[in-house]
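Worksheet: one structure, shown below.
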Amino acid sequence: MLDADFFLRWMNALTEAVNREAGRLTELDAAIGDADHGTNLQRGFTAAKAALEKDAPDTPGAVLMLTGRQLISTVGGASGPLYGTLLRRAGKALGDEAEVSREQLAEALRAGIAAVAQLGGAKPGDKTMLDALEPAAAALDESFTAAREAAEEGAAATVPMLARKGRASYLGERSIGHQDPGATSSALLIGALEEAAR
Amino acid sequence: MLDADFFLRWMNALTEAVNREAGRLTELDAAIGDADHGTNLQRGFTAAKAALEKDAPDTPGAVLMLTGRQLISTVGGASGPLYGTLLRRAGKALGDEAEVSREQLAEALRAGIAAVAQLGGAKPGDKTMLDALEPAAAALDESFTAAREAAEEGAAATVPMLARKGRASYLGERSIGHQDPGATSSALLIGALEEAAR
Amino acid sequence: MRMLINVPETVVADGLRGLAAAHPDLNVDVENRVVVRGDAPVAGKVGVVSGGGSGHEPLHGGFVGFGMLSAACPGEVFTSPVPDQMARAAAAVDSGAGVLFVVKNYTGDVLNFDMAQELAQDEGVQVAKVLVNDDVAVQDSLYTAGRRGTGATLFVEKIAGAAAEEGAPLERVEAIARRVNERSRSFGVALSAVTTPAKGSPTFDLPSGELELGIGIHGEPGRERRPMMTSREIADFAVDAVLEDLQPSSPVLALVNGMGATPLLELYGFNAEVHRVLAERGVPVARTLVGNYVTSLDMAGCSVTLCEADEEILRLWDAPVETPALRWGR
Amino acid sequence: MRMLINVPETVVADGLRGLAAAHPDLNVDVENRVVVRGDAPVAGKVGVVSGGGSGHEPLHGGFVGFGMLSAACPGEVFTSPVPDQMARAAAAVDSGAGVLFVVKNYTGDVLNFDMAQELAQDEGVQVAKVLVNDDVAVQDSLYTAGRRGTGATLFVEKIAGAAAEEGAPLERVEAIARRVNERSRSFGVALSAVTTPAKGSPTFDLPSGELELGIGIHGEPGRERRPMMTSREIADFAVDAVLEDLQPSSPVLALVNGMGATPLLELYGFNAEVHRVLAERGVPVARTLVGNYVTSLDMAGCSVTLCEADEEILRLWDAPVETPALRWGR
Ligand SMILES: Nc1ncnc2c1ncn2[C@@H]1O[C@H](COP(=O)(O)OP(=O)(O)O)[C@@H](O)[C@H]1O
Ligand SMILES: Nc1ncnc2c1ncn2[C@@H]1O[C@H](COP(=O)(O)OP(=O)(O)O)[C@@H](O)[C@H]1O
Ligand SMILES: [Mg+2]
Ligand SMILES: [Mg+2]
Ligand SMILES: [Mg+2]
Ligand SMILES: [Mg+2]
């Protein structure tokens, strides 16, 4: 079972991954967007980390809700509301349980993903974070490792896609051949789960 | 003796030299000025050529006066009034003689040079056109070739000078090591005399 | 990095401090990133609030003042602001007559302003919203995030602001804002890429003999790259792209806009070509604004925005305005 | 070449056509290169005429209008105009009250305006002249062409123009222009070199980690090259360079000027630093103008100009002005 502490470790590992990979995320965004995805997430997760440290929530759901709220209030851009909604909605789905199972987490993530899809109007194949998140959530029923692999494959699979949502869509055909920055950061989000489980 | 036709050939050869060397003059001006000396003179001598062709003056003095007037009205910058004054003043000194000697021309040029010195306030060694013109006018008493050589040496001698007049003076020590664009075009002016005499 | 900055992290805050220092009549909350008219809320007047990523100055902060915006919310560079900013701005300018949000159509701006509308309404502020989406370079809007908001934002902010200043109620301010947007189209061209402070190098590689057609204002590449064109050719291309989508039957407002690093001398030369092609196409020009108004940091390039004016639009365009970047009639 | 132009040869004429198209209230003679107020000559009013090389826009053409210049004469790019232009402008604006030439102190400008003064006086126009020489980066003025005219030109043109608009006679307009110049100093910094249309490549090579201190507005390199500095350090350096030469005992007018390609966001951030260091040095600021006003084509960089104001200078600064680039109070 996964307790609040696990969720805090998850968010910590994610923050570290974002800090480590911020340059690459921004480079990817420069190619088909506006060169800010890395700094956007760094700003958001740095704020979230501070909030989590200041007043550590004691349930898994509360960890995600607080993190999501911080992302919404500090990131801006498309990814702020989207990742914020993902985590808030997943957190809400977990309720105030003190411990949750991996399957419950997968279920909650699917609720979050559905909210993201509704908010942003994107479908799988549109070259967005959904292309990493959806397969990852499905594979999470199996294991953290399977989820991480599925997310990474999903991110890689965005390379040949033609973007239909977000800034990259303005490029039309020229969006093809680049990996989506949001799908890439989503793979970090899922990968951090595996780290937290170690 | 030198007649109006000689002076027209002189101005023609000068116009050709300016067109040929415009790029180099502008490059030199880029290094210690504002990158326009070549285009400035091209504009001026193109206008002068058109005016001389439209209504060819029939005395040496009139050729220089008309050319000088055209330079003043079309060049702008420092070199427009300076070269304009040089030629107008030299032309005035030649009066309305139909033919003049090389020595008379040298004398007239010295009058023009004195007017330039008065107008611009520069002295020899200040890294200006005067550093090519003065030795050239002196050597002109000897021969066209000597004048051309003296002008070229005078221009080359500006390289180690510290500029005290014109834009290059703003650079202080950094003006050292570059040949003065105006001295360089003055060498063309004198060199064209030799060509016209051929 | 050739930037006049301290560190990338403080660029937006530093800019706000400088705005405050230069314009004592504005109320600049540097910490919360809200720029408000000094006399807000104005009794009985609808508030007009906009915002978006920084890097497009003078948009939006430079348009706060009499006859235009009541408040602006600058985000990080090229990043939409967060909902908290807009909700705060709405609260600061609302006199009870409600607030109009002017939102450029980018996913980030749309989502954040949506959330802000919820927050503000929860606090009892009546909020209407108008999306600006004038950029004809974005085609097939069914398969994209839709046309971007670019130069027309200036028209919408000026004209909605003038209507609000006249005392028009919220639904009329909203309606005229929407009408201005519907009657406006833009097309932009980049001669160089943009360098954001955070990235520190150009966002894309544009060899010096080439240009990008159909760019936005965030350093994203355009739809197409071509060998360098003359000012005349660019004007033909841009104006025709706009006129393909907008067939004005009345004189237009024209914004001939620089992207930030194009010298005004060149921009005026380009304006001459824009007027020439409009004359050739039989489109009379009622008003022209030339300058760097909706920019993309240090990008060289330009955009053309046309708005098919009508009597009311013209009257509100000519109405007095007094902001850092746009002033007349007062 | 990343330029929005047709061919280098027509850049100035194209710019003038575009200025005419955008500002129907100006009288633009493209062939003879003179920009005149539409209502000139204004009966009884002293004419204020300036001019200089093109490439510094909006200076000077953008400052023609009510309360500022009566006419402007644009030369080729970075090349002083010719005497014929200024004489023509003087004739066009003279109402019999005489004309003031505002001349930036460059050898070319000085010589050409001198000749123009002769021409105009031969035609019966009374002409006074004031030299602007505010640039403290030029030291040892005994051994140079003397301090250059840069940012203070805007102050002189605005304030002399306001005095003329009030109906002051020529000698008073000249005296206040001279006083403004004497009380003004500038210092400029380049973060990039400039590319003129005729040359097509940067006038000097500035590696991206370095900057030039003490530059002029013609793409000439400065007195000194240094490793890149922060906005804060540049403000310290520039303001202290100015204050070394000018110890204001009354509040100053401050112009925080962009060289053309520096984003307004950065320029406002720099303004915050300028205000900080002025506060630290105990110099109060009466008015601040931030923007790209006295530019050098596509150069990135900035300059600071301070003018020790007095009551009359402040009043004339605040007086109404209505030109393409500067407008208030009307
Ligand atoms: N409508 C959408 N639905 C889902 N994800 C989206 C949508 N629009 C954008 N994204 C994701 O957001 C990422 C960009 O985030 P970011 O760069 O932070 O924001 P912005 O595009 O506002 O600069 C994209 O790579 C994409 O994965
Ligand atoms: N005061 C002066 N006296 C004599 N020659 C001068 C003076 N000032 C400048 N020059 C000459 O003019 C040349 C520059 O001419 P040009 O580039 O056409 O004008 P500008 O400096 O106005 O751009 C210099 O190289 C120098 O030889
Ligand atoms: Mg982005
Ligand atoms: Mg020169
Ligand atoms: Mg963004
Ligand atoms: Mg010059």
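All of the numbers you see were taken from the coordinates with simple rules; none came from a lab. Keep in mind it's a predicted model, so treat the numbers as computed, not measured. Cβ placement follows ideal geometry from the backbone for every residue including glycine, while neighbour counts extend to all protein chains displayed.
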**Asked** Taking the Cα centre of the protein assembly as shown as origin and charging only Cβ (+1 Lys, Arg; -1 Asp, Glu), how large is the dipole, in debye to the nearest 20?
**Response** 820
**Request:** Just check segment A:38-123 against the gyration tensor rule for me: Cα atoms, a ≥ b ≥ c as the square roots of the eigenvalues, rounded for a/c under 1.5, and otherwise prolate or oblate depending on whether a/b exceeds b/c.
**Result:** oblate
**Prompt:** Hey, what's the Cα Rg ratio for segment D:184-317 versus the globular rule of thumb, 2.2 N^0.38 Å?
**Reply:** 1.05
**Message:** Give me P(r) over segment D:86-242, computed from all C-alpha to C-alpha distances, binned every 10 Å, as integer percentages.
**Reply:** 10, 32, 30, 19, 8, 1
**Item:** chain B, dipole about Cα centre (Lys/Arg Cβ +1, Asp/Glu Cβ -1), debye to the nearest 20
**Value:** 680
**Request:** Using only the Cα atoms of the protein assembly as shown, construct the convex hull and provide its projected area averaged over every direction, in square nanometres to one decimal.
**Result:** 41.7
**Message:** Using 10 Å bins from zero, what percent of all Cα-Cα pairs in segment B:119-196 falls into each bin?
**Reply:** 24, 49, 23, 4
**Request:** May I ask you to report, in nm to one decimal and beginning with the shortest, the distances from D:Ser208 to the same position in the other copies, taking label points 7 Å along Cα-to-Cβ?
**Result:** 1.4
**Message:** Using a 7 Å offset from Cα along Cα-Cβ at C:Ser201, what residues in segment A:160-190 end up with backbone N under 19 Å from the label point?
**Reply:** A:178-179, A:181
**Request:** Rank-order B:97-104, D:258-265 by packing density, defined as the average count of other C-beta atoms within 10 Å over each peptide's residues, highest first.
**Result:** D:258-265, B:97-104
**Message:** Residue by residue through D:226-233, how many Cβ atoms from other chains fall within 10 Å of the Cβ on average?
**Reply:** 3
**Peptide C:22-34, shielding by other chains (average Cβ, 10 Å cutoff)** = 2
**Prompt:** Which is farthest toward the positive dipole end of segment C:135-280 among C:Leu211, C:Val242, C:Met259, measuring Cα position about the Cα centre, with Cβ charges +1 (Lys, Arg) and -1 (Asp, Glu)?
**Reply:** C:Met259
**Asked** In a GNM of chain B with a 10 Å cut-off on Cα contacts, which of B:Lys54, B:Lys165, B:Lys92 has the highest mean-square fluctuation?
**Response** B:Lys54
**Item:** Residues C:Lys45, D:Lys129 arranged by fewest to most Cβ contacts within 10 Å
**Value:** D:Lys129, C:Lys45
**Request:** Note the distances from C:Arg281 to each other copy's matching label point, with points 7 Å along the Cα-to-beta-carbon direction, in nm, sorted shortest first.
**Result:** 5.1
**Request:** List, in the order given, every pair from A:Lys123/C:Lys104; C:Lys158/D:Lys199; B:Lys54/B:Lys92 whose Cα-Cα distance in the structure shown is over 30 Å.
**Result:** C:Lys158/D:Lys199
**Message:** I want to verify the translational diffusion coefficient of chain D in µm²/s; compute it with Stokes-Einstein, Rh as the Kirkwood radius over Cα pairs, at 4 °C and 1.567 mPa s.
**Reply:** 66
**Prompt:** Which whole-angstrom value gives the distance between the alpha carbon centres of segment D:114-159 and segment A:91-148?
**Reply:** 71
**Request:** Sum -39500 (n - 2.57) across every DSSP H segment of at least 4 residues in chain B, then divide by the residue count to get the 222 nm mean residue ellipticity, nearest 500.
**Result:** -23500 deg cm²/dmol
**Asked** Rounded to the nearest 500 deg cm²/dmol, what is the calculated helix-only ellipticity per residue at 222 nm for chain C, with -39500 (n - 2.57) per DSSP H run of length n ≥ 4?
**Response** -10000 deg cm²/dmol
**Order of D:Glu174, C:Glu171, C:Glu182, C:Glu31 under a 10 Å beta carbon neighbour criterion, fewest first** = C:Glu31, C:Glu171, C:Glu182, D:Glu174
**Complete:** Sorted largest first, the C-alpha extents of segment D:22-79 along its principal axes in whole angstrom are 33, 20, 18
**Asked** Quick one: D:Arg33, D:Arg330, fewest Cβ neighbours within 10 Å first, how do they rank?
**Response** D:Arg330, D:Arg33
**Simple label model, 7 Å out from Cα along Cβ direction - B:Arg24 to D:Asp310, nm** = 5.5
**Asked** Once a ≥ b ≥ c are taken as the square roots of the eigenvalues of the Cα gyration tensor of segment A:90-129, is the result rounded (a/c under 1.5), prolate (a/b larger than b/c) or oblate (a/b not larger than b/c)?
**Response** prolate
**Request:** For segment A:49-198, just the Cα atoms, rotate onto the principal axes and tell me the three extents in Å, largest first.
**Result:** 47, 33, 24
**Asked** Over chain C, what is the relative contact order in whole percent, taking alpha-carbon pairs under 8 Å and six or more residues apart?
**Response** 18
**Item:** Per residue Cα convex hull volume in Å³ - calculated over segment D:8-183
**Value:** 102
**Item:** segment C:99-216, relative contact order [Cα under 8 Å, separation at least 6], %
**Value:** 24
**Prompt:** Nearest 0.05, what FRET efficiency do B:Lys54 and D:Arg226 give at R0 = 60 Å with Cβ-Cβ as r?
**Reply:** 0.65
**Complete:** The size of the Cβ-based charge dipole (Lys, Arg +1; Asp, Glu -1) of segment C:8-183 about the Cα centre, to the nearest 20 debye, is 460
**Message:** Just to be sure I understand the model, the point goes 7 Å from the Cα along the line to the Cβ. What's the resulting D:Ala175 to A:Thr46 distance in nm?
**Reply:** 5.8
**Message:** Can you give me the distance in nm between label points at A:Asp96 and B:Glu103, each placed 7 Å from the Cα along the Cα-to-Cβ direction?
**Reply:** 11.8
**Item:** Pair-distance profile P(r), taking every C-alpha pair of segment C:134-217, with 10 angstrom steps and integer %
**Value:** 16, 32, 29, 17, 6, 0
**Request:** Between the alpha-carbon centers of segment C:162-200 and segment C:295-319, tell me the distance in whole angstrom.
**Result:** 8
**Asked** Where the Cα atoms of segment D:75-149 are projected onto their three principal axes, how long is each span, largest first, in whole Å?
**Response** 39, 25, 16
**Fill in**
For A:Pro160, inter-copy label-point distances (7 Å, Cα→Cβ), nm, shortest first, read 7.0
**Asked** What is the calculated FRET efficiency for D:Asp122 to C:Glu166, with r their C-beta to C-beta distance and R₀ = 51 Å, to the nearest 0.05?
**Response** 0.40
